[in-house]
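Engineer: Quick one: the structure is below, questions incoming.
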Amino acid sequence: METFDHKAIEKRWQEQWEKDRIYLATDDAGKPKKLILVEFPYPSGEGLHMGHLRPFLAGDIYSRYWRMNGYNVMYPMGWDAFGLPAENFAIKNKLHPAVSTAKNVANAKRQLQSWGTGFDWSREVNTSDPEYYKWTQWIFLQFFKAGLAYEATGLINWCPKDKTGLANEEVVNGCCERCGTPVEKKELRQWYLKITAYAEKLLNGLKTLNWPDQVKIQQENWIGRKEGINISYEIETKRNYVILHGWDSNSKDPKYAAIKKEIEKTGAVCALPDLPSTSKPTEAEQVEFVLKNIRFDENTILYGKSLGGVVAMKVLEKLKNPIAGLVLAGSFVGPDGLQGEYPFINSFRWEFDFEKIRRNAGFIKILSDLKDHAVKPTQGKILHEKLGGELTETIAVKSHFGAEHEPAVIEALLPKVTVFTTRPDTNFGATFVVIGPEHRLLNQRNPLNISEKYWKEIQQYQQKVASESDMDRVAEGRKKTGVFTGLYCINNLNGYRMPLYVADYVLGHVGTGAVVGVPGHDKRDFEFAQIFNIPIVRVVQKDRNDSGPITSLEQVQEDEGTMINSDFLNGLDIHQATVKIMDHMEMKGYGKRVVNYKLRDWVFSRQRYWGEPIPLIHCDPPAGGCGVVPVPDEELPLKLPEVKDYEPTGTGESPLAAIDSWVNTKCPKCGGKARRETNTMPQWAGSSWYWLRYSDPHNDKEFAAKQKLKYWQPVDMYFGGMEHTTLHLLYSRFWNQFLFDQSLVTESEPYLRRVPHGLILGPDGEKMSKSRGNVVNPDDVVAEFGADVLRMCEPFLGPHEASVPWSDKGIIGIKRFLDKVWRLSFVFASEAKQSQEIATPTSSARNDNSIHKLIKKISSDIENFKFNTAIAAFMEFLNENKELSQADWEKFLILLAPFAPHVTEELWHQLGHKDSVHRKSWPKFDEKLVKAETVTVVVQVLGRLRASLELPAGTSQAEVKVKAMADANVKKHLEGKQVVKEIFVPDKLINFVVK
RNA sequence: GCCCGGGUGGUGGAAUGGUAUACACGCAGCACUUAAAAUGCUGUGGGCGUAAGCUCUUGAGAGUUCGAAUCUCUCCCCGGGCACCA
């Protein structure tokens, strides 16, 4: 019998294993557990390919190893079944996606089983199963209830082919991650998950994980934490200000005088009149006084504090021409809003023409102190309701905005631009400021009051930028463009007037949306400064000679160095200077240290059919006006309705929007007419918690019972691909951390250990793809050579983490090896321990071939995912051992069982065993017997090999020296030289250093 | 541009400070055979040499070390990620 009938033995044993349920994990708290996870596949129409094989097999071998070592191992499998391909397939073939998905799942499962994998199918999950997505929806509602799911309209990534919005993470090189179509920007209402709230936690959690650095670094970079400072620069304006003080006060009051001084610093004019009868004021007298003595025009900003705010509103009621804006701090609309009795209560008329006030003020800003002792804190909201505008609720430095320096007031009065920088040390070299075209200070209302001439140009520029895609905008070697605003910002450090530009190289949605230009020390700023003839100042030098003007891009100094031309920073290195200037700016009040992240919130809605419906209901006026209301828990799962047309609409609406009977519903809160949310969740939703469900897959009361989670979680080992580092791996950590914070799971991090694998490339060394025609189908290998050959062939290609090309050549080597195992089994098992045919020992001098050495090698290789060298060790063992006891042979079969489960099981039974080889304990090795009795000790002279000696293990240095010196060749090389040093590594080498 | 990997025979790869090229493929020779296949055995990095042996060799170059594929620096090439992110 030279080979084995793989088809027969595979069928026999796969059926037997299923019958004996040998791979099922029990929730047995008495045993140590291991949850070994492999990324569950998407069941596509093409079936599983070679690429899937890799992690599945690694996990299979690994979990069999631990199971045989006495662990309660769970190795579960499921289906990530929602998503675009199923839907596209359904559209093309006019099938229901559920039907085609079920077909694909059945096929993929058949494949997995044909490979002899030991998955626990009793825990199978499917993300598109309503019993499963009920809990995906339920978890989403927990996000919603915690305020971490929100609706917003914004420019999002839009794939024109798939006709859906995409998350940031799904855009690869400006193209759709799924279909490769260049992504466009589209203004859409979307649901977001606030992953940014978890930026710090996601970053810190990484430190505790046993993951490859490569993966951790990639996530760190994606989160992109940066420490820096927000600096506010005042903008010079052509405005004039009027300050109306409160009750029982006057122009000498330092809290008003200080504001006046701040305003005048920007070059603006400021009136601060003493209002008449300030301790017993009347409306008529004060309003008349202001109207008579103060000039108002379209550039006037009127600031009223407390009762001064009331006077300001009354003044605005009477004005004929509108003014630039109204700022109110600690103001109120009537005696009800006051805490206490005041003498002016009866001398004012507590009625306002809010409509008129609104019309007469270009902008309105309302400041409310939440700890105000004089005015009730609710007055801010009331004013905001009546007047609109911008409401800032804050805690004042001194109650009722009573301090000399109230940043909130200054901020509201003076137009400022805030920049984010990580290099404030170079701020003495700042010569311009740039804001992004999308910045809110450049909205249609022109809040900065930019003069007509520049404003027109800016609007044109904004339009131009809006029409460009992100791809165009970041294209390499692109010339900087921009427009001057006619305004200047004041650098508080040295009074330098920095021109303010609008330019698209600054992204309006990143950081503060504005940047300070330091052209001597930032290449982008340099390019911009050159085009617009902006001065370039050097403030850092590498060394003393490095002090000349910076005139070319190569000279731009972005590296380490020492500060010059920077007043009190001179002589410090850039790091010391950064700390000192940040302290300075924070103390002076125009800078604030901040942490910035590159991570952005997760766009969580898709305009497609085949996904979990978002379980929310919109109850808008004129119905109840309850806003967005969650679908009640007892109505979950909110099932996908049957629909005639799955075709995406492309309008930004999901196909669900067309089903009136589904969309129109009742508000769960007020019972009024309401509409269902029609977007669905992204593909990543179902996979963001699936490993938790394996702990308790049939629970219909909760997504998993706490005590089951407590036993099984966290995942001990997670096999998967590099491509999910900033997608699934980041998203699912986020969900897990959130569930942990809600006390719904027991671990803050889901995956203790992660092992990524390399790609299986086509035989041509290129990525396998249908278009290249280099796809190798694992089914073909199974059919021709058997599952065990496939299972050993794939890992033998190369190291698990490396990308390796598939090669048919490897198949024959493995095939020969397994045939040899098959033949030798009968030899070793026979009564005669030696066969003349095979056992003709040739290299019997070596005795380092004991089964103990093999046990040790295979164990450590499996634990370290070095399956390729493990297989080599099996081969070596057979090459070296021409005779073997049946006991050692049985150990060999047990060791081989995780790799070749069918052949070993068959041989095991042919040896007369009735139980399964897969239920045997992993053999133990004796460390003493692992060590060879004789070793090869290498003799070197000056590090060069001159002889090698076969010696008993443990030979002493002195003895080795004597033996080495006796060697003719060694003698030759030592002749006439003096040994100055001897290096001895026991059982390995002796090296003579000679002169 | 920045951040991660990687570069070793004809080929896939092994060795992570101590014999470079394990294991496998391929190739060559031998045995078995009427023959072939299968199987077994032997050989297989380059140069010099009859041989013993010498010498060169891990992308290129330098350095550290008694000793470097392995550590350090510079450069080249390949793969992956990020990117006008302030």
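Engineer: For a label point 7 Å from the Cα of residue A:269 along Cα→C-beta, name the residues of the stretch A:328-358 whose backbone N is under 13 Å from it.
Structural biologist: Counting backbone N atoms under 13 Å from the label point, the list is empty.
Engineer: Round to the nearest 0.05 the FRET efficiency obtained for residue A:972 and residue A:816 when R0 = 35 Å and r is the Cβ-Cβ distance.
Structural biologist: 0.20
Engineer: Just want the answer: with Cβ charges of +1 for Lys and Arg and -1 for Asp and Glu, which residue in A:330, A:299, A:281 is farthest toward the dipole's positive end in the stretch A:277-393?
Structural biologist: A:299
Engineer: Show me the ranking of peptides A:951-958, A:211-218 by mean Cβ neighbours inside 10 Å, starting with the highest. Walk me through the numbers before you get to the answer.
Structural biologist: Values: A:951-958: 12.6, A:211-218: 15.1.
Listed from highest to lowest mean packing, they are A:211-218, A:951-958.
Engineer: Taking K and R as +1 and D and E as -1, what net charge do the other residues with C-beta under 12 Å from the C-beta of residue A:927 add up to?
Structural biologist: The answer is +4.
Engineer: Between residue A:156 and residues 5 or more places away or on another chain, which pairs have amide H atoms under 5 Å apart, with H built 1.01 Å from N, and which residues are they?
Structural biologist: Under 5 Å from the amide H of residue A:156: A:186, A:187, A:188.
Engineer: For the stretch A:392-476, just the Cα set please: Rg and Dmax, both in angstrom.
Structural biologist: When restricted to the Cα atoms of the stretch A:392-476, Rg and Dmax are 17.7, 53 Å.
Engineer: To continue, here is another question. Can you tell me what percent of all Cα-Cα pairs in the stretch A:162-282 are more than 17 Å apart?
Structural biologist: Counting every Cα pair in the stretch A:162-282, those more than 17 Å apart make up 76 percent.
Engineer: What are the lysines whose alpha-carbon lies under 19 Å from the alpha-carbon of residue A:542, with same-chain residues fewer than 8 places away excluded?
Structural biologist: Leaving aside lysines fewer than 8 places away in the same chain, those within reach of residue A:542 are A:523.
Engineer: What does the charge add up to near residue A:686, with Lys and Arg as +1, Asp and Glu as -1, over the other residues with Cβ less than 12 Å from its Cβ?
Structural biologist: -1
Engineer: By how many nm would the segment from residue A:635 to residue A:102 lengthen if fully extended, with 0.36 nm per residue of separation less the alpha-carbon distance?
Structural biologist: 189.4 nm
Engineer: Which percentage, to the nearest 5, of the DSSP beta bridges contained in chain A is antiparallel?
Structural biologist: Numbers: 71 of 119 bridges.
Approximately 60 percent, going by the DSSP bridge assignments.
Engineer: Follow-up. Pairs A:866/A:924; A:252/A:356; A:194/A:592; A:207/A:598; A:381/A:416: which are spaced more than 27 Å apart, C-alpha to C-alpha?
Structural biologist: A:252/A:356
Engineer: Residue A:705 to residue A:155: extension gain in nm, 0.36 nm per residue of separation minus the Cα-Cα distance?
Structural biologist: 194.0 nm
Engineer: Mind checking the log10 I(q)/I(0) for the stretch A:681-756 at q = 0.18 Å⁻¹? Debye, one equal scatterer per Cα, no solvent, two decimals.
Structural biologist: Ignoring solvent entirely, the Cα scatterers give -0.71.
Engineer: First measure r as the distance between the Cβ atoms of residue A:181 and residue A:623, then evaluate 1/(1 + (r/R0)^6) with R0 = 45 Å and state the FRET efficiency to the nearest 0.05. Display every interim value, and only then the final one.
Structural biologist: Values: r = 39 Å, r/R0 = 0.87.
About 0.70, to the nearest 0.05.
Engineer: Right, here's the next one. Which value, in debye to the nearest 20, describes the size of the charge dipole of the stretch A:179-228 about its Cα centre when Lys and Arg Cβ atoms bear +1, Asp and Glu Cβ atoms bear -1, and nothing else is charged? Kindly include the intermediate steps, with their values, before the conclusion.
Structural biologist: Numbers: 9 positive and 6 negative charges, 34 e Å.
Value, rounded to 20: 160 debye.
Engineer: Can you find, among A:232, A:549, A:878, the residue sitting farthest towards the positive end of the charge dipole of chain A, where Lys and Arg contribute +1 and Asp and Glu -1 at Cβ?
Structural biologist: Among A:232, A:549, A:878, the one farthest towards the positive end of the dipole of chain A is A:549.
Engineer: How would you order A:33-42, A:423-432 from highest to lowest mean count of nearby Cβ atoms within 10 Å?
Structural biologist: A:423-432, A:33-42
Engineer: Using the charge dipole of the stretch A:558-677 (Lys, Arg: +1 at Cβ; Asp, Glu: -1 at Cβ; taken about the Cα centre), state which of A:668, A:628, A:599 has its Cα farthest towards the positive end.
Structural biologist: So the residue furthest toward the plus end is A:668.
Engineer: I'd like to know how the stretch A:298-384 sits against the 2.2 N^0.38 Å rule of thumb: what's its Cα Rg over that expected value? Numbers along the way, then the final one.
Structural biologist: Details: Rg = 12.6 Å, N = 87, 2.2 N^0.38 = 12.0 Å.
Dividing the Cα Rg of the stretch A:298-384 by 2.2 N^0.38 Å gives 1.05.
Engineer: Sort the following peptides by mean Cβ neighbour count (other Cβ atoms within 10 Å, averaged over residues), highest first: A:587-600, A:733-746.
Structural biologist: Final packing ranking: A:733-746, A:587-600.
Engineer: Return the distance in nm (one decimal) between the two label points of a simple spin-label model at residue A:93 and residue A:933, each offset 7 Å from Cα along Cα→Cβ.
Structural biologist: Reported label-point gap for residue A:93 and residue A:933 is 6.5 nm.
Engineer: Between residue A:213 and residue A:644, what is 0.36 nm times their sequence separation minus the Cα-Cα distance? Round to one decimal in nm.
Structural biologist: Taking 0.36 nm per residue and subtracting the Cα distance, the gain is 150.3 nm.
Engineer: To the nearest 10 square angstrom, how much accessible area does residue A:913 have with a 1.4 angstrom probe?
Structural biologist: Taking all protein chains as shown, residue A:913 has close to 50 Å².
Engineer: Would you mind getting the Kirkwood hydrodynamic radius of the stretch A:45-84 from its Cα pairs, rounded to one decimal in Å?
Structural biologist: Mean inverse Cα-Cα distance, inverted, gives 12.0 Å.
Engineer: Measure off 7 Å from each Cα along the Cα-to-Cβ vector at residue A:31 and residue A:555, then give the distance between these two points in nanometres to one decimal.
Structural biologist: Output for this residue pair reads 7.5 nm.
Engineer: Now for a different question. Counting pairs of alpha carbon atoms under 8 Å apart in space and at least six apart in sequence, what relative contact order in percent does the stretch A:381-500 give?
Structural biologist: It comes to 24 percent, rounded to a whole number.
Engineer: Rounded to the nearest 20 debye, what is the charge dipole size of chain A about its Cα centre when +1 sits on each Lys and Arg Cβ and -1 on each Asp and Glu Cβ?
Structural biologist: 760
Engineer: Quick one: which residues, 5+ away or cross-chain, put their amide H under 5 Å from the amide H of residue A:938? H built at 1.01 Å from N.
Structural biologist: For residue A:938, whose amide H was placed from the backbone, the distant partners under 5 Å are A:949, A:989, A:990.
Engineer: Leaving out ligands, DNA and RNA but keeping every protein chain, what accessible area does residue A:578 have, in Å² rounded to the nearest 10, with a 1.4 Å probe?
Structural biologist: Its heavy atoms expose roughly 30 Å² to the probe.
Engineer: Tell me the Rg and the Dmax, in Å, that the Cα atoms of chain A produce.
Structural biologist: 37.9, 126
Engineer: Below 8 Å, C-alpha to C-alpha, sequence gap of six or more: please give me the relative contact order for chain A in percent.
Structural biologist: Across chain A, relative contact order equals 13 percent.
Engineer: Relative to the Cα centre, what is the charge dipole magnitude of the stretch A:641-708, using +1 at the beta carbon of each Lys and Arg, -1 at the beta carbon of each Asp and Glu, and rounding to the nearest 20 debye?
Structural biologist: Dipole magnitude for the stretch A:641-708 comes out near 420 debye.
Engineer: Rounded, prolate or oblate: pick one for the stretch A:69-225, where a ≥ b ≥ c are the square roots of the eigenvalues of its C-alpha gyration tensor, a/c under 1.5 means rounded, and failing that, prolate if a/b is larger than b/c, else oblate.
Structural biologist: Oblate, since a/c reaches 1.5 and b/c is not below a/b.
Engineer: Starting from the Cα of residue A:318, step 7 Å along the direction of its Cβ; do the same at residue A:351; then give the gap between the two resulting points in nm.
Structural biologist: 1.7
Engineer: Provide the net charge surrounding residue A:918, with neighbours chosen by a C-beta distance below 15 Å and charges set as Lys +1, Arg +1, Asp -1, Glu -1.
Structural biologist: Computed value for this residue: -1.
Engineer: Here's another thing I want to ask about it. In the calculated pair distance distribution of the stretch A:884-995, what percentage of Cα-Cα distances lie above 23 Å?
Structural biologist: 52
Engineer: Take the solvent-accessible surface of the protein heavy atoms, probe 1.4 Å, and return the percent of it on chain A that carbon and sulfur atoms account for.
Structural biologist: Carbon plus sulfur share of accessible area: 50 percent.
Engineer: Determine, from the Cβ-Cβ distance of residue A:527 and residue A:587 and an R0 of 45 Å, the FRET efficiency 1/(1 + (r/R0)^6), rounded to the nearest 0.05.
Structural biologist: 0.85
Engineer: Using amide H atoms built in the peptide plane, which far-off residues or other-chain residues are under 5 Å from residue A:390 H to H?
Structural biologist: A:364, A:365, A:366
Engineer: Under the Karplus relation 6.51 cos²θ - 1.76 cosθ + 1.60, θ = phi - 60°, what is the ordered set of whole-Hz ³J(HN,Hα) values for the stretch A:682-689, x standing for Gly and Pro?
Structural biologist: With the stated coefficients, the stretch A:682-689 comes to x, 3, 6, 5, x, 8, 7, 8 Hz.
Engineer: Taking only DSSP H segments of four or more residues, each worth -39500 (n - 2.57), what value at 222 nm results for chain A once the sum is divided by all its residues, to the nearest 500 deg cm²/dmol?
Structural biologist: After summing the helix terms and dividing by residue count, I get -10000 deg cm²/dmol.
The values are calculated or read from the model by the stated rules, or taken from the named source; none is laboratory data. From a predicted model like this one, the values you see are computed outputs, not experimental measurements. Here the Cβ is made from the backbone with ideal geometry for all residues, glycine too, and neighbour counts use every protein chain on show. SASA here: full protein model, heavy atoms, side chains in, ligands and nucleic acids out. Shrake-Rupley method; radii C 1.70, N 1.55, O 1.52, S 1.80 Å.
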